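Everything below concerns the one structure shown next.
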């Protein structure tokens, strides 16, 4: 038994339908299956989607933040504890919150927090701002964990 054959017209209707311009397509279901798979991958947020990856980083970053930073810091605006709140820290001048008593070293640090400076500070606070009062915290060795924390802080600032 021969497989069914379907006709596909190649000419646009405005030029008419020429009689000899047909192509026989035997395994149309394979093409349909491949096209469906490609469409699914392109529309799926998990396939190559940066937003899904960032969401996962922010979620795992919150867990790392909770384990490493939450003892002294929060991400709620105005909620200062032993350390200042970190809400919208990216883009903020170091030592600039009016309602927190920073160390002299942090007040005198002439820097604005960006992702690179935050990662360096989380790795080794004394290297970036000598004389800060982040004792006994000595830094976080894992580059992956530091990147997760920075991703989490960025997501908190953007409200995601």
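Where a number appears in this text, it was derived from the coordinates with a stated rule and is not lab data. As the structure is a computational prediction, the values presented were derived from the model and not from experiment. So basically every Cβ, Gly included, is an ideal-geometry build from the backbone, and we count neighbours across all protein chains shown.
Summary of the geometry: the range 60-85 and the range 92-155, compared by the centres of their Cα atoms, lie 12 Å apart. Put a dot 7 Å past the Cα of residue 76, heading toward its Cβ, do the same for residue 111, and the two dots end up 2.9 nm apart. In this simple spin-label approximation, residue 158 and residue 92 carry label points 7 Å from Cα along the Cα→Cβ vector, and these lie 1.9 nm apart.
With neighbour counts taken as other beta-carbon atoms within 10 Å, the residues 120, 154 rank, fewest first, as 120, 154.
Using the Stokes-Einstein relation with a Kirkwood hydrodynamic radius computed over Cα pairs, the translational diffusion coefficient of the range 120-160 at 37 °C and a viscosity of 0.692 mPa s comes to 296 µm²/s.
The convex hull defined by the C-alpha atoms of the range 50-158 has an orientation-averaged projected area of 6.3 nm².
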